[in-house]
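The values are calculated or read from the model by the stated rules, or taken from the named source; none is laboratory data. Note that this is a predicted model, so its numbers are computed, not measured. Note: ideal-geometry Cβ built from the backbone for every residue, glycine included; neighbour counts use all protein chains shown. All accessible areas refer to the heavy atoms of the entire protein, side chains included, with ligands and DNA or RNA removed. Shrake-Rupley method; radii C 1.70, N 1.55, O 1.52, S 1.80 Å.
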Amino acid sequence: MIRYERDEALELRVRGIAQKLQLRHDMTRIACIRSTGSKARRTLARCHALPRVMQLALGVKAHYAIEVIAEQFDRLPPDEQAKTVIHELMHIPERMKGGFRQHDYVCRKNVEKMYKEFLK
Ligand SMILES: [Zn+2]
């Protein structure tokens, strides 16, 4: 069974990255979750959104969660962890309506570009 827990340390890290990259996301609506016990073997992280129908039902704006798969993510060196987080952040459009940006934009090349920017 998958176990999920909020990862506030990672949230701080993600906020730092977003700030450095001058992203305009509302970071109060992006949570970071660590999961353990996932059967996903080749997945490092994934991004979730509150669907529009649930936003309407609950009367809240879109919220997103970046989930890191602990067994995979923890094994990565810090630079690869940062790239993984950048990749997931890039899936979230700055307008944050509940949709995602796809892999035509969230590709290796653009992630590397962002990562270089982050290192500056
Ligand atoms: Zn992706």
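Given R₀ = 35 Å, what would the calculated FRET efficiency be for E112 paired with Q55, taking r from the Cβ atoms and rounding to 0.05?
Details: r = 33 Å, r/R0 = 0.94.
For E112 and Q55, the calculated efficiency is 0.60.
The modelled label-to-label distance between Y105 and T36, using points 7 Å beyond Cα along the C-beta direction, is 3.5 nm. Computed from the C-alpha gyration tensor, the three semi-axes of the ellipsoid equivalent to the chain are 21, 19, 13 Å, from longest to shortest.
Helical content alone sets the calculated 222 nm signal of the chain at -12000 deg cm²/dmol, taking -39,500 (n - 2.57) per DSSP H segment of four or more residues and averaging over every residue. Cross-link reach is defined here as a Cα-Cα straight distance under 20 Å, omitting same-chain residues fewer than 8 places apart; for K97 the lysines meeting it are K61.
Each Lys or Arg adds one and each Asp or Glu subtracts one; over the other residues with Cβ under 12 Å from the Cβ of I66, this totals +2. Note on the chain: with charges restricted to the Cβ of Lys and Arg (+1) and Asp and Glu (-1), its dipole about the Cα centre is near 320 debye. Taking a Cβ cut-off of under 12 Å around S38, the surrounding Lys, Arg, Asp and Glu residues balance to a net charge of +4, with basic ones at +1 and acidic ones at -1. Accessible surface ranking for M114, M54, 1.4 angstrom probe, highest first: M54, M114.
The order of H91, H48 by accessible area, most exposed first and with a 1.4 Å probe, is H48, H91. In percent, rounded to a whole number, the relative contact order of the chain is 26, using alpha-carbon pairs under 8 Å and six or more apart.
For D7, the solvent-accessible surface computed with a 1.4 Å probe is close to 30 Å², ligands and nucleic acids excluded.
For the set E71, E11, solvent exposure ranked by accessible area (probe 1.4 Å, protein chains only) runs largest to smallest as E71, E11.
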